[in-house]
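Each reported figure results from applying straightforward, stated rules to the coordinates on display, with no laboratory input. Since we're looking at a predicted model, the values are computed, not measured. Here the Cβ positions follow ideal geometry from the backbone for every residue, glycine too, while neighbour counts run over all protein chains shown.
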Amino acid sequence: MTDDVLDPPSDLGTSDVFASLAEIVYASDDFTQVYDAIVAAAPKLVDGCDRASLMLLSNGRFDTAAATDEVAETVDRLERELGEGPCLDAILDEAVYRDADLTTASAWPRLKERVLAETPVRGIAGFRLIAGDRKSGALNLFSDSPDGLTSRSIDQAIVLAAFVTVALMASEQRAAAASLRAGLESNREIGKAVGLMMAFHAINDEEAFQILRKASQDMNVKLIEVARQVVAHHNRV
C-alpha cells in the first residue's frame, strides 16, 4: 500500500477523509498501516490538533501502536514512565480527559513539567477506545498551542474515536478469524498424521498422538511441524 493511500490528502473534506479511512480499514490486513492512517488523519479532522498517537492496552501493558511523529511518541512515553496523564486516565477512568493548557495549573503536574521541558506540546486530550466490552486503549491528541483543543475539537475527536473503535473491533475479529483458520488447519494436519500412525503401527489414536508429541518434544519442534513431516513422508512413499 502506498503512502498517499495511507495518509489521506490534506485537501479532502471531512466526509472524504472518513471514506478514505474506511477503505483502508476494510481493505488492509496490516493493522499497523491502519493505525498509522488513523493518526495521520487526526490533524486533518480535529481543530487545533497538531499531532496524534494511538496507545493500546494489551495484557496489562500500554504501548504506542502508532504516532504521527517522535513528539507524540515522547508524550506517550512520559505518561507511561510517570504513570499519569490524560491519555492513561482516559483508558482507565473517564472516557475523555483534556488538559487544554499545560502552561497553567494541571491535574498532572509531573507530566506537565516534563512535556513543557522536552516537547512543543501545550495541550493534550485522551479519548478512551472500547473493543467489545474491554477498554482497549486511547486516541491521544496534542496541540502545540495553549487552548488549541477546544470544545469543538473534543466533539470532532469523539467522532474519530468512535471510528477508531470500529477499526479495533475489525482488527480483533479479523485476527480471531485468522487464528481460527490456522487452528483448523493444524488440527486437520495432526489428525491426518495420527491416522497414518494408527494404520502403520496398528495402534489406537491416543498412542499415535503420544508418539507424535514425544517426537515433537525430543526434536524441539512444534507438533504441527512433526505432523506435516509425517504426512509429507507418506505422500512421497
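Gain in length, Ser216 to Ser186, computed as 0.36 nm per residue apart minus the alpha-carbon separation, to one decimal in nm?
Details: separation 30, 0.36 × 30 = 10.80 nm, distance 1.42 nm.
Full extension from Ser216 to Ser186 adds 9.4 nm.
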Karplus-derived 3J(HN,Hα) from phi for segment 33-50 (6.51 cos²θ - 1.76 cosθ + 1.60, θ = phi - 60°), whole Hz, x at Gly and Pro, runs 5, 4, 5, 4, 5, 5, 5, 5, 7, 4, x, 7, 9, 10, 4, x, 8, 9
Sorted by chain and then number, the residues having a modelled amide H within less than 5 Å of the amide H of Val221, at least 5 places away or on another chain, are none
Going from the fewest other Cβ atoms within 10 Å to the most, one would list Ser151, Ser20, Ser53, Ser145 as Ser151, Ser145, Ser20, Ser53
With 0.36 nm assigned to each residue of separation and the Cα-Cα distance removed, His201 to Ser145 gains 12.6 nm
Quick note on Lys214, Lys44, ordering by fewest other C-beta atoms within 10 Å, gives Lys214, Lys44
Most exposed to least, judged by fewest other Cβ atoms within 10 Å, Met197, Met55 sort to Met197, Met55
